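K.L.:
Just dropping this structure here.
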Amino acid sequence: MPRPSRREIVSGLAAGGAALTFGAPHVLGQAEPHVVVIGGGFAGASLARALRREDAGVRVTLIEPSAQYTSCPISNLVIAGLRDMGDQQFGYDGLRRAGIEVVHQAATGIDADARRVRLADQSELGYDRLVVAPGIDVDFDAIPGYSQAASGVMPHAWKAGEQTLLLRRQLEAMEDGGLVVMSAPPNPFRCPPGPYERASLIAHYLKTHKPKSKLIILDAKDQFSKQRLFEAAWQDLYPGLIEWVSLSFGGRVTEIDPATKTLVTEFGSHTADVANVIPPQRAGAIAVIGGVADQTGWCPVDPATFESRLRPGIHVIGDAAVGGAMPKSAFAANGQAKVCAAAVVALLRERAPVVPKLINTCYSLIAPDYAVSIAGVYSPKDGLLTEVEGAGGVSPLDAPADARAAEAVYADSWFRSLTGEVFA
């Protein structure tokens, strides 16, 4: 999606001035301050829930255009034919039962000075505090030749839904002996271990159904999350099936030819039978429109409150935010939402926010009964979220098979627990 120009942003807000408006900004000290949340994924939905728990006297409105949320975590199992897409989809009735107003429209403009959000139907919502949780947009401009149209041939599948099913169908249709080529982006991006979990589960599918086939990962990095654990598992479970090409050995994709499914690198080219292009990413478009994204495409925030460093009164959480060492994950989004909710309520009630500690845990499935994990603890330091030394860790490299199987069970339990907390 192209970035809107400043003229489009300003003129769009001006056009919204004549629209129907409701919910004027609250005067502090009155009974019911209003918080508007843009985005109904793990970050936004968790934030809305947490606000209601923190202070039932705060009115909360969640703006989300889709009637159901399709989860990216665990969606690699769908690609590998091990899970139904319906198991990834969740509605918003649970949030409504919790007293949250849910508006199924897209947010199209933000006026930070007037504290108003414009919706697709040209109506407006006033707010006292705004939380932006738009997730990511794929940067189609980052790799020459790749585009929205090209993703219909060489899917990214980095937003769960039709792209996920398209990649699954392509794998199913591929002849045994075919070549699957994946490209992994440079940091930062959503779910750092995600491409390697996906490669693992695709390899499981190939080993089970199309054993003459091969998978190549073209990587724009020389290192990746849980690398030693993944590579040891590949050697054990999928010997000769996965080839990882690092940045130093020509892994960065410099051009795409969707007509031939060819990925060009600095060292050569690879023509695939199935190509999964995971390009660089940036914060969702409304973050750009609202002026909370900087020149990097991401949103700098205060690490204690997640208030935007560019627009006071607006907070940014989840994948769109960048505040230091904390990775972009569903667990991180959920934790940030709870910290941000407490800070928003404190600011609305004119109290000092508490300095937080945040935890991230990430499970990666390498086979249906084989998973590894990483955990970290983060706290604000020198204006950034900094990892607390010695407080986290990764799965042991020499763990026995039953420990890997137990982590696969934990991964499923984590997903059920998180989605139950957020959407049920």
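K.L.:
Can you give the extra length, in nm with one decimal, that the chain gains between Ala56 and Arg97 once fully stretched, where that is 0.36 nm per residue apart less the Cα-Cα distance?
P.N.:
On the way: separation 41, 0.36 × 41 = 14.76 nm, distance 1.30 nm.
Between Ala56 and Arg97, full extension yields 13.5 nm more.
K.L.:
Per residue and in Å³, how big is the convex hull formed by the alpha-carbon atoms of segment 253-397? Provide the component values of the computation, followed by the final result.
P.N.:
Details: hull volume 25.8 nm³, N = 145.
Cα convex hull per residue, to the nearest whole number: 178 Å³.
K.L.:
Given H placed 1.01 Å from N in the peptide plane, which residues other than close sequence neighbours of Gly145 have an amide H under 5 Å from its amide H?
P.N.:
Those lying under 5 Å, H to H, from Gly145 are Ile256.
K.L.:
Which one of Ser200, Ser379, Ser269 has its Cα pushed farthest toward the positive end of the charge dipole of the chain, where Lys and Arg give +1 and Asp and Glu give -1 at the Cβ?
P.N.:
Of Ser200, Ser379, Ser269, it is Ser379.
K.L.:
What's the center-to-center distance, using Cα atoms, between segment 289-330 and segment 380-402 in Å?
P.N.:
So the separation of the two Cα centres works out to 23 Å.
K.L.:
Please compute the Cα-Cα pair-distance distribution of segment 107-207 with 10 Å bins starting at 0, giving whole percents from short to long.
P.N.:
Whole-percent P(r) values from 0 Å outward: 11, 33, 26, 18, 9, 3.
K.L.:
Please turn the phi angles of segment 64-71 into ³J(HN,Hα) values with the Karplus equation 6.51 cos²θ - 1.76 cosθ + 1.60 (θ = phi - 60°), one per residue in order, whole Hz, x for glycine and proline.
P.N.:
3J(HN,Hα) across segment 64-71, in whole Hz: 8, x, 8, 6, 9, 9, 10, 7.
K.L.:
Additional query: Kirkwood hydrodynamic radius of the chain from all distinct Cα pairs, in Å? List each step's numbers first, then the result.
P.N.:
Values: mean 1/r = 0.0448 Å⁻¹.
With all distinct Cα pairs of the chain included, I get 22.3 Å.
K.L.:
Rounded, prolate or oblate: which fits segment 353-424 when a ≥ b ≥ c are the square roots of the eigenvalues of the alpha-carbon gyration tensor, with rounded for a/c under 1.5 and prolate only if a/b beats b/c? Mind dumping the intermediate values first?
P.N.:
On the way: a/c = 3.73, a/b = 1.49, b/c = 2.51.
Since a/c reaches 1.5 but b/c is at least a/b, the shape of segment 353-424 is classed as oblate.
K.L.:
If you place +1 on the Cβ of every Lys and Arg, -1 on the Cβ of every Asp and Glu, and leave all else neutral, what size is the dipole of the chain about its Cα centre, to the nearest 20 Debye?
P.N.:
600 debye
K.L.:
Continuing with the same structure: Assign one of three labels to segment 191-267, namely rounded, prolate or oblate, based on the Cα gyration tensor with a ≥ b ≥ c the square roots of its eigenvalues; rounded applies when a/c is under 1.5, prolate when it is not and a/b is larger than b/c, and oblate otherwise. Before the final figure, lay out the partial values.
P.N.:
Working: a/c = 2.01, a/b = 1.24, b/c = 1.62.
Because a/c hits 1.5 or more and a/b fails to exceed b/c, segment 191-267 counts as oblate.
K.L.:
Below 8 Å, C-alpha to C-alpha, sequence gap of six or more: please give me the relative contact order for segment 306-424 in percent. Each step should come with its number before you reach the end.
P.N.:
Working: 159 pairs, mean separation 23.9, N = 119.
With pairs under 8 Å counted, the relative contact order is 20 percent.
K.L.:
Please compute the contact order of segment 309-363 in relative form: average sequence separation of alpha-carbon pairs under 8 Å and at least six residues apart, divided by the residue count, as a percent. If you can, show how the numbers build up before the last one.
P.N.:
Numbers: 41 pairs, mean separation 19.0, N = 55.
Over segment 309-363, the number comes to 35 percent.
K.L.:
Once amide H atoms are built 1.01 Å from N in the peptide plane, which residues 5 or more positions from Asn276, or in another chain, come under 5 Å H to H?
P.N.:
Val181, Met182, Ser183
K.L.:
So if R0 is 25 Å, what FRET efficiency would Ala142 and Ile359 give, r being the distance between their Cβ atoms, rounded to the nearest 0.05?
P.N.:
On the way: r = 31 Å, r/R0 = 1.25.
That pair, Ala142 with Ile359, gives E of 0.20.
K.L.:
Please state the relative contact order of the chain as a whole percent: Cα pairs under 8 Å, 6+ residues apart?
P.N.:
After rounding, I find 18 percent.
K.L.:
Let me ask something additional. Lys/Arg Cβ at +1, Asp/Glu Cβ at -1, dipole of the chain taken about the Cα centre: which of Thr361, Leu418, Val316 is farthest positive-ward?
P.N.:
Val316
K.L.:
Please arrange Phe230, Phe140, Phe42 by how many other C-beta atoms lie within 10 Å of their C-beta, fewest to most.
P.N.:
Values: Phe230 22, Phe140 17, Phe42 30.
Going from sparsest to densest Cβ surroundings: Phe140, Phe230, Phe42.
K.L.:
Mind listing the long-range amide H neighbours of Lys381? Cut-off is under 5 Å, sequence gap 5 or more, other chains count too, H placed in the peptide plane at 1.01 Å from N.
P.N.:
Thr386
K.L.:
With each pseudo-label sitting 7 Å past Cα toward Cβ, what's the Thr254-Arg309 distance in nm, one decimal?
P.N.:
The answer from the label model is 3.3 nm.
K.L.:
Could you give the DSSP H helices of the chain that reach 20 angstrom or more along their long axis (alpha carbon positions) and whose average Kyte-Doolittle hydropathy is no lower than 1.0?
P.N.:
Details: long enough: 194-209 (22 Å, -0.54); 330-348 (26 Å, 1.51); 401-423 (33 Å, 0.03).
Span-like helices here: 330-348.
K.L.:
Continuing with this model, one more query. Report the full-extension gain for the segment Gln122 to Ser417: residue separation times 0.36 nm, less the Cα-Cα distance, to one decimal in nm. Please report the intermediate quantities before stating the final value.
P.N.:
On the way: separation 295, 0.36 × 295 = 106.20 nm, distance 3.73 nm.
Net length gain for the segment: 102.5 nm.
K.L.:
To the nearest 0.05, how large is the calculated FRET efficiency for Asp398 and Asp222 if R₀ is 30 Å and r is the Cβ-Cβ distance? Don't skip to the answer; put the middle values down first.
P.N.:
Details: r = 24 Å, r/R0 = 0.82.
Plugging the Cβ-Cβ distance into 1/(1 + (r/R0)^6) gives 0.75.
K.L.:
Let me ask something else about it. Quick check: net charge around Ser246, other residues with Cβ under 13 Å of its Cβ, Lys/Arg +1 and Asp/Glu -1? Mind dumping the intermediate values first?
P.N.:
Values: positive: Lys221, Arg252; negative: Asp219, Asp222, Glu231, Glu243, Glu266.
It works out to a net charge of -3.
K.L.:
May I pose another question? For Glu172 and Glu243, what is the calculated FRET efficiency with R₀ set at 22 Å and r taken between the beta-carbons, to the nearest 0.05?
P.N.:
On the way: r = 22 Å, r/R0 = 1.01.
For Glu172 and Glu243, the calculated efficiency is 0.50.
K.L.:
Okay, moving on. Say the dipole of the chain comes from +1 at the beta carbon of Lys and Arg and -1 at that of Asp and Glu; which of Gln89, Val180, Ala341 then lies farthest toward its positive end?
P.N.:
Ala341
K.L.:
How much length, in nm to one decimal, is gained on full extension between Phe267 and Asp84, taken as 0.36 nm per residue of separation minus their Cα-Cα distance?
P.N.:
Numbers: separation 183, 0.36 × 183 = 65.88 nm, distance 3.85 nm.
Length gained, Phe267 through Asp84: 62.0 nm.
Throughout, read-outs are computed from the coordinates displayed, never taken from laboratory work. For clarity, every value in this text was computed on a predicted model and none was experimentally measured. Neighbour counts are summed over all protein chains in view; Cβ atoms, including those assigned to glycine, are modelled from backbone coordinates with ideal geometry.
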